[in-house]
Amino acid sequence: MGAVKGREMREVQCPLCSSFKSKRLTAFEAHLGEAHATTVKDLWDSMNGGPGKCACGCGTETKWKSWWDGYSSVVNGHNGSIYAVCSPEAAEEISRKRSDALRGKSTWSKGLTKETDERVRLRGEATARGRKASFDSGELTAWNKGASAESDARVKSAAENLKKKYADGEVAPWARGLSKDCDVRVANMAARVSLTMRRENIRKRLDAMKRLPAEEIKSRIEDLGMLKVIGGLEEYINDAQKVIQVECSGCGEQFMGSLRSLQYGKCFKCSPGGSAAQERLAKWIEKLGVEVKRNDRSSLDNGLELDIHAIGSSFAVEYNGLYWHSHANRSTLYHSNKTAAAARSGISLMHVFEDEWREKSEIVKSMILSRLGMSPNKMGARKCSVRELTPQERKSFFEENHIDGDTAAARAWGLVYEESIVYAASIRKPFHKRESTMEVARCCPKKGCNVQGGLSRLMKTLVEECRKEGIKNLMTYVDTRLGGAGEGYEKAGFKAVSKTPPRFWWTDFTNRFNRFKYKADSKNGLTEAAVAEAAGVVKIWGCENIVYTMEI
């Protein structure tokens, strides 16, 4: 935002660190994105209890203005009642001034209608178009949207007043005495109602066709012998609805879930976080000839437990079941605190989420082999050639080898050994675009490969290519959840400058979803929490990212 005439430039200091001061809000925005992976608006929300709400009481989020000004006080169009948005004293003063200004005057359109005056007709049509566009875009919303007589005193009062007017004959239904045969408005309304009814009937038939038989649902849930269905089958429509009630045959716990989650036959109390899968992971490490200590509470200074501790290697694995490690059961900093405690004890801790071990086990195994120094294929970067990758090559490589899969990138390069890509890196413009800066978006070796000096050689290539395009800085994020602290980037010439807050995903206790999938819906007046609750998901937290930068 540029300087505003008549307003003194104020200096802003970053509330999250003491290293940044500026009088330019654009520079502050860029600093928050690079150093803290957040935005001015998100930071303002976290410090002030969330977005601004309309002063009329409708609960709608108002328009964001700036770091200094926060949000508008009311949604456009909701300030019709000065008594709803102003203090009683201020409202009375505004009313008095309006009355004085209008006393003895009449409006130019008094007594005129759209039928008798062209100006009134044109103005009415323009107003109708503008308001329709505003409502369609979400800029305007009805003040009583989502409210009812039970939840809002204004709605209750309006309903009672309207009911009295109908009873007294002061107000009559507009369609009284009319039919679809004599009035086009009634005919159109009847056609819309008929279409809606047909659509609802079609939807009901489609739902019935998709609905599984009750015996099939019971069979899928009860086959493993741990859960027994005790209710909710009559409410079932699809496998995502949490309407089926079950009882654990082991502990007697009763809980509600969806077919999608219950068909694994798992009681979250008896089998927290998928402990059977955790045991399979531990046994796989043991087959490598590594001694494993399970549920180790003796190694961390804060008494927290290491799920799988590889004795003698200073390496441990934390298996994060999506239910017990979600925000429903773990705090925002739980995983970060455990990672920090492990580092203080000289242990590199790698967090593996339940869905990663289920769906990307070969990538997880490759990462563990690398941490243990047991990668089966080893080669030196000097024996590799470097070439730029096509978008198809980049996508295929990272989907097969990177724990987070591929992401959009401007360019990518790979190290090639014996005609096979064994290491790759991609770059993109940072999410919070900063002048003359590129971000290392993805960087990893091929599964099962240890390319000695591979990262440094790729970074040298990235630096040379960025210089040709006038780029002056490179930056990247290192996820501490995966057991590394960025030592390879430091050897390649990067410097650690800051840490971000812990990253998060959404989970339905079976899968994880990107944090941008469930955001606040200002158009419909829904907060992020309301959107997440409707979707049946909660947050699940990871660890901090370390921000690394390099001047080139």
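Scanning the range 295-318 for residues that are assigned to a loop (DSSP other than H, G, I, E, B), surrounded by 17 or more Cβ atoms within 10 Å (Cβ to Cβ) and not hydroxyl-bearing (Ser, Thr, Tyr) returns a single hit, Leu300.
Yes or no, residue by residue, for (1) touching a Leu at 6+ places or on another chain (Cβ under 8 Å); (2) over 23 Å from Val537 (Cβ atoms):
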| residue | (1), (2) |
| --- | --- |
| Gln254 | no, no |
| Ser261 | no, no |
| Ala277 | no, no |
| Leu288 | yes, yes |
| Glu305 | no, yes |
| Tyr319 | yes, no |
| Trp324 | no, no |
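Regarding Ala276, is this residue at pLDDT below 80, out of contact with any Ser or Thr (no Cβ under 8 Å at 6 or more places or on another chain) and assigned to a helix (DSSP H, G or I)? When the stated conditions are applied, Ala276 passes them. Of the candidates Glu399, Glu435, Glu439, the single residue that is among the charged types (D, E, K, R) and more than 21 Å from Glu465 (Cα to Cα) is Glu399. Criterion applied to Tyr518, Tyr548 was being hydroxyl-bearing (Ser, Thr, Tyr) and over 27 Å from Gly321 (Cα atoms), and the one residue passing it is Tyr548. Residues of the range 319-334 that are farther than 13 Å from Glu305 by Cβ, surrounded by 18 or more Cβ atoms within 10 Å (Cβ to Cβ) and of a type outside the set (S, T, N, Q): Gly321, Leu322, Tyr323. Inspect all residues belonging to the range 394-414 and state whether any of them is in contact with a Cys (Cβ under 7 Å, 6 or more places away or on another chain) and of a type in the set (A, V, I, L, M). No, the conditions are met nowhere in the range 394-414. Can you report the number of residues in the range 341-366 which are assigned to a helix (DSSP H, G or I) and β-branched (Val, Ile, Thr)? Counting residues in the range 341-366 that are assigned to a helix (DSSP H, G or I) and β-branched (Val, Ile, Thr) gives 2.
In the condition set (1) assigned to a helix (DSSP H, G or I); (2) over 30 Å from Thr39 (Cα atoms); (3) among the aromatic types (Phe, Trp, Tyr), Phe398 is compliant with all but (2).
Rundown of residues vs (1) assigned to a loop (DSSP other than H, G, I, E, B); (2) surrounded by 14 or more Cβ atoms within 10 Å (Cβ to Cβ), yes/no style:
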residue	(1), (2)
Leu415	no, yes
Glu435	yes, no
Arg442	no, yes
Glu464	no, no
Tyr477	no, yes
Pro501	yes, yes
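For (1) more than 30 Å from Gly250 (Cβ to Cβ); (2) assigned to a loop (DSSP other than H, G, I, E, B); (3) at pLDDT 75 or above; (4) not assigned by TED's automatic domain parsing to the domain that holds Asn238, each residue gets a yes or a no:
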site: Arg131; (1), (2), (3), (4): yes, no, yes, yes
site: Ser134; (1), (2), (3), (4): yes, no, yes, yes
site: Ala147; (1), (2), (3), (4): yes, yes, yes, yes
site: Asn161; (1), (2), (3), (4): yes, no, yes, yes
site: Asn188; (1), (2), (3), (4): yes, no, yes, yes
site: Met197; (1), (2), (3), (4): yes, no, no, yes
site: Arg205; (1), (2), (3), (4): yes, no, no, yes
site: Ser219; (1), (2), (3), (4): no, no, yes, no
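Taking each residue of the range 24-39 that is over 16 Å from Met9 (Cα atoms) and looking for partners that are assigned to a loop (DSSP other than H, G, I, E, B) and of a type in the set (Gly, Ala, Ser) with beta-carbon atoms closer than 9 Å, six or more apart or interchain, yields His31/Ser19; Ala35/Ser19.
The set of residues in the range 121-139 being over 25 Å from the mean Cα position of the chain (by Cα) and under 28 Å from Lys156 (Cβ atoms) consists of Arg131, Ser134, Phe135. With respect to being over 27 Å from Thr527 (Cα atoms), modelled with pLDDT under 80 and not in a loop (DSSP other than H, G, I, E, B), Ala91 fits the description. Specify the residue that is nearest to Asn76 (Cα to Cα); the eligible residues are those in the range 121-160 that are polar (S, T, N, Q) and loosely packed, with under 12 Cβ neighbours inside 10 Å. It comes out as Ser137. Report whether or not Ile368 is more than 29 Å from Arg515 (Cβ to Cβ) and either small (Gly, Ala, Ser) or crowded, with 20+ Cβ neighbours inside 10 Å (or both). No; evaluated as a whole, the condition is false for this residue. Evaluate the range 509-527: report whether one residue or more is of a type in the set (Gly, Ala, Ser) and either closer than 30 Å to Ala485 by Cβ or without any contact (Cβ under 8 Å) to a residue 12 or more places away in the chain (or both). Within the range 509-527, none of the residues are of a type in the set (Gly, Ala, Ser) and either closer than 30 Å to Ala485 by Cβ or without any contact (Cβ under 8 Å) to a residue 12 or more places away in the chain (or both).
Being over 20 Å from the mean Cα position of the chain (by Cα) and free of Cβ contacts under 8 Å to residues at least 60 places away in the same chain is not true of Ala485. Here the range 483-499 is the region considered, the condition is being in a loop (DSSP other than H, G, I, E, B) and touching a Ser or Thr at 6+ places or on another chain (Cβ under 7 Å), and the residue that is surrounded by the fewest Cβ atoms within 10 Å (Cβ to Cβ) is Ala492. Residues in the range 367-395 that are in a helix (DSSP H, G or I) and in the same structural domain as Trp506 (by TED's automatic domain parsing): Ala381, Arg382, Lys383, Pro391, Gln392, Glu393, Arg394, Lys395.
When Leu526 is tested against the conditions (1) at pLDDT below 90; (2) of a type in the set (A, V, I, L, M); (3) buried (at least 18 other Cβ atoms within 10 Å of the Cβ); (4) closer than 25 Å to Asn401 by Cβ, the lone failure is (4).
The values are calculated or read from the model by the stated rules, or taken from the named source; none is laboratory data. The structure displayed is predicted, hence computed values, not measured ones. So basically every Cβ, Gly included, is an ideal-geometry build from the backbone, and we count neighbours across all protein chains shown.
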